[in-house]
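For reference, the structure discussed in these notes is given below.
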Amino acid sequence: MAERLITYSEALNEAHRLEMASNPDVVVFGENVSSGWRQVTKGLKEEFGRERVRDAPITETAFIGMGVGAAIMGLKPVVELMLVDFGLVAMDQILNQMAKSHYMSGGAVKVPMTLRATYGAGTSSAATHSESLYSLFAHMPGLKVVIPSNPYDAKGLLIESIRGDDPVLFMEHRLLYPMEGVVPEEAYTVPFGMANLVREGSDVTVVATGLMVGKAVEAADELGPKCSVEVIDPRTIVPLDEEAILRSLRKTGRLVIVDEDYERCGFSAEVAAIAAEKGFQHLDAPVVRVATPNVPIPYSPVLEKHLLPSKEKIVKAISQLVGY
Amino acid sequence: MEIDEETKIELYTTMVRIRTFENRARILIRDGEIPARSGFYTGQEAVAAGVCAHLSPSDQIGSTHRALGHLIAKGCDLKGLMAELCGMSSGLNKGKAGPYHIFDPSVGALGANGIVGGSVPMVAGYALTHQLRDDGGVAVSFYGEGASNQGGIQETLNLAACWNLPLVFVCENSSPEVQRMLGHEIDYPQLSIERVSDRAQAYGIPGATYDGWDVLEVYNAVGDAVKWAREGNGPTLLEFNVHQIEGNLEGRIEVRDDERIWCPIHRFKERITDEGILTTELDEKIRDKEKSKVEEAAEFALRSTVPAPIEAFKGVFAGGP
């Protein structure tokens with residue numbers, strides 16, 4: 001049978017449909033989720049009814065908190081946050097109630113809730129519509145943080161999130177929605193905490209997340225025979241497959257981290273710390289980070305592009321390291 | 001509404017239980033057996049008793065950082081509760097919660113909350129689940145007049161009204177005359193309106209204010225709101241004026257003379273004594289029984305073992321690391 005190509009957003013839509021069909025406890029709510037032009041939730045209301053697919057008022061604190069409560073009651077809410085930036089108005093519900101209720105209750109309650117959020121820059125949308133912010137959420141104990149970089153992972157990781165017992169922040173880069181990939185029709189899961197070895201290499205390890213995985217591969221391809229680049233996509237940053245990163249580092253001795261989130265105290269800093277603490281003896285050169293500098297993302301395309309990690313910046317970082 | 005004698009004795013007993021428990025907890029705090037101070041509910045017992053008398057374990061409440069009254073009225077096990085306050089592994093939440101984060105799903109107590117107003121959006125999720133399952137269940141959200149200004153509560157009132165959720169909002173206003181919060185020097189008013197219940201109108205739902213020191217008034221008001229919600233008519237906002245009262249370290253239920261006018265236990269005792277429902281003998285019997293239950297709970301807590309330090313690392317996630 002021919003392999004089927006669908007887009008990242010179609011893969012996410014399919015994950016919703018399969019889980020809603022097989023489990024009546026799966027419910028979806030958020031802003032405009034019943035709208036026909038919202039790619040990921042399109043058609044869900046028509047198929048599963050307006051009771052289970054609900055448009056919420058623009059009140060993130062209320063509807064995210066409602067998701068926490070519904071999850072505690074045993075439903076499997078998939079709550080959509082239109083942009084991760086908007087989650088900042090609901091930080092108590094996300095970082096206190098969603099993340100910590102299971103631990104604080106001594107395990108008496110569980111919060112099997114998936115909070116989906118689009119993220120990312122590159123569309124000239126400026127500082128409150130372009131951020132990544134996953135490091136901020138990964139900082140708080142109790143949240144799992146998932147960042148699929150391709151359609152196959154998007155579907156499998158979302159099904160894993162919905163079926164799991166824990167609160168998940170599920171991050172979707174909006175520029176990935178049209179990306180096509182081979183995706184099986186049936187339901188399947190991609191486990192958390194298991195990195196994907198995207199490209200094998202022996203000279204430099206590049207750890208990249210989300211949209212940056214593709215940019216890292218492009219950079220590696222451009223360098224071609226000059227440098228053998230290994231690209232690792234952690235897929236989930238909580239839990240993080242540290243061993244996959246250290247294993248690669250043992251082979252290459254060089255590490256570049258490509259992260260669209262802000263550099264300071266971010267995911268790139270975390271991976272650099274792991275390399276320093278647990279992989280120091282394998283390092284032949286300083287760790288290099290290609291992350292968004294500590295500057296709010298500006299509107300004008302020229303300014304925005306100047307700040308964001310890019311293929312060119314990754315090529316430059318790898319080249320520097322090889323010559324070290 | 002005509003309230004039978006049995007219900008009246010139950011309401012009285014619940015209030016006595018709450019006060020006896022809290023005064024015992026005060027002693028354990030003084031003695032260092034409970035490692036931190038706690039928000040107390042003394043003087044507000046009529047609200048918890050009057051609300052929870054209408055709920056079954058399959059109905060849920062969300063609470064505050066003055067949760068003990070709500071938790072006890074909802075039926076939490078006193079031993080597990082006291083052990084939790086003492087930080088013991090036999091506590092309801094294995095010593096992870098303390099007074100501000102207690103959850104007991106077995107009785108629908110979900111849960112205390114350390115963030116002012118933090119539990120309210122979650123209660124909408126409890127109510128939503130009942131609505132989706134069409135099981136006739138309701139959820140009740142307790143919060144105070146200070147919390148009532150929080151955005152999350154305004155948002156949840158709107159959402160509950162838009163979705164017609166089976167949710168009863170219960171605001172306990174502990175400073176109904178002066179609009180200030182106990183223990184704080186506040187020079188500016190905290191509310192721009194006379195009554196918190198006036199806000200119900202802004203969300204198109206029923207709302208009214210009652211005397212929270214009169215347990216029968218609470219019982220009647222909540223009975224109507226719970227019935228309204230169970231029958232699918234949506235949320236109600238009830239405000240109960242209350243006065244916080246100082247507890248004591250002598251194990252007395254009685255309060256100072258100047259506080260008696262606001263004390264729901266004192267007021268109700270007089271009333272049901274006049275009605276001939278409560279005799280001196282029955283009163284002593286109720287108090288002795290509650291005292292011995294609370295004492296058992298305290299002994300259980302003090303005999304319990306502290307958690308092993310390694311337990312601190314357990315239970316961050318339900319489904320593995």
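The values are calculated or read from the model by the stated rules, or taken from the named source; none is laboratory data. Being a predicted model, the structure only gives us computed values, none of them experimental. Using ideal geometry, Cβ is built from the backbone for each residue, glycine included, and neighbour counts are taken over all protein chains shown. Accessible surface is based on the protein model in full, side chains and every heavy atom, while ligands, DNA and RNA are left aside. Shrake-Rupley method; radii C 1.70, N 1.55, O 1.52, S 1.80 Å.
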Quiz item: Pick from B:Glu45, B:Glu155, B:Glu290: which residue has the top mean-square fluctuation in a GNM of chain B where Cα pairs under 10 Å get a spring?
Solution: B:Glu155
Quiz prompt | Two-site FRET efficiency, A:Leu283 against A:Gln320, from Cβ-Cβ distance with R₀ of 22 Å, rounded to 0.05 | solution = 0.90
Self-check item: Antiparallel DSSP beta bridges within the protein assembly as shown, as percent of all bridges there, nearest 5
Solution: 15
Practice problem: Compute from the Cα atoms of chain A the Rg and the Dmax, the latter being the longest Cα-Cα distance, and quote both in angstrom. | Solution: 19.5, 60
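Ignoring ligands, DNA and RNA, please state the percent of accessible area on the protein assembly as shown from carbon and sulfur, probe 1.4 Å.
Working: 13340 of 25650 Å².
After summing per-atom areas, the C and S share lands at 52 percent.
Kindly report the accessible area of region A:5-182 per residue (heavy atoms of protein chains, probe 1.4 Å, no ligands, DNA or RNA), in Å².
30
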Quiz item: Say each of B:Thr273 and B:Ile27 gets a label point 7 Å from the Cα, pointing the same way as Cα to Cβ; how far apart are those two points in nm?
Solution: 2.3
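Over region B:69-208, average the accessible area per residue using a 1.4 Å probe and give it in Å², no decimals. Don't jump to the answer; show the numbers that get you there.
Numbers: 4880 Å² over 140 residues.
Result: 35 Å² of accessible area for each residue.
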Quiz item: With the dipole of chain B worked out from charges on the C-beta (+1 for Lys and Arg, -1 for Asp and Glu) around the Cα centre, which of B:Val120, B:Pro166, B:Gln190 lies farthest toward the positive end?
Solution: B:Val120
Quiz item: Under a 1.4 angstrom probe, counting protein chains only, how are A:Val290, A:Val322, A:Val89 ranked by accessible area, largest first?
Solution: A:Val89, A:Val322, A:Val290
Quiz item: What is the count of Lys pairs in chain B whose alpha carbons sit under 22 Å apart, if the two are 8 or more places apart or on different chains?
Solution: 28
Exercise. Quick one: dipole size for region B:186-229, taken about the Cα centre, charges +1 on Lys/Arg Cβ and -1 on Asp/Glu Cβ, in debye to the nearest 20.
Key: 240
Self-check item: Spin-label pair A:Glu200/B:Asn149, simplified geometry with 7 Å Cα→Cβ offset, distance in nm
Solution: 6.4
Quiz item: Which one of B:Gly223, B:Gly95, A:Val217 is farthest out on the positive end of the charge dipole of the protein assembly as shown, using unit charges on Cβ (Lys, Arg +1; Asp, Glu -1) and the Cα centre as origin?
Solution: A:Val217
Practice problem: Please give the residues from region A:84-114 for which the solvent-accessible area of heavy atoms, probe 1.4 Å, is smaller by at least 10 Å² with all protein chains in place than with the chain isolated. | Solution: A:Asp92, A:Gln93, A:Asn96, A:Gln97, A:Ser101, A:His102, A:Tyr103, A:Met104, A:Ser105, A:Gly106, A:Ala108, A:Val109
Self-check item: FRET E, pair B:Asp283, B:Lys227, Förster distance 30 Å, beta-carbon r, rounded to 0.05
Solution: 0.45
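Enter the buried accessible area of the B/A pair, total of both sides, probe 1.4 Å, in Å² rounded to the nearest 100. Spell out each step's value before the answer.
Numbers: alone 15050 and 13870 Å², together 25650 Å².
Protein heavy atoms only, the B-A interface buries about 3300 Å².
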Quiz prompt | Charged-residue dipole, Cβ positions (Lys, Arg, Asp, Glu), chain A about Cα centre, Debye nearest 20 | solution = 240
Quiz item: How high is the relative contact order of region A:66-203, in percent, counting Cα pairs under 8 Å that sit 6 or more residues apart?
Solution: 25
Quiz prompt | Dipole of the protein assembly as shown, positive end: most advanced residue of B:Pro206, A:Ile162, B:Leu110 [Cβ charges, Cα centre] | solution = A:Ile162
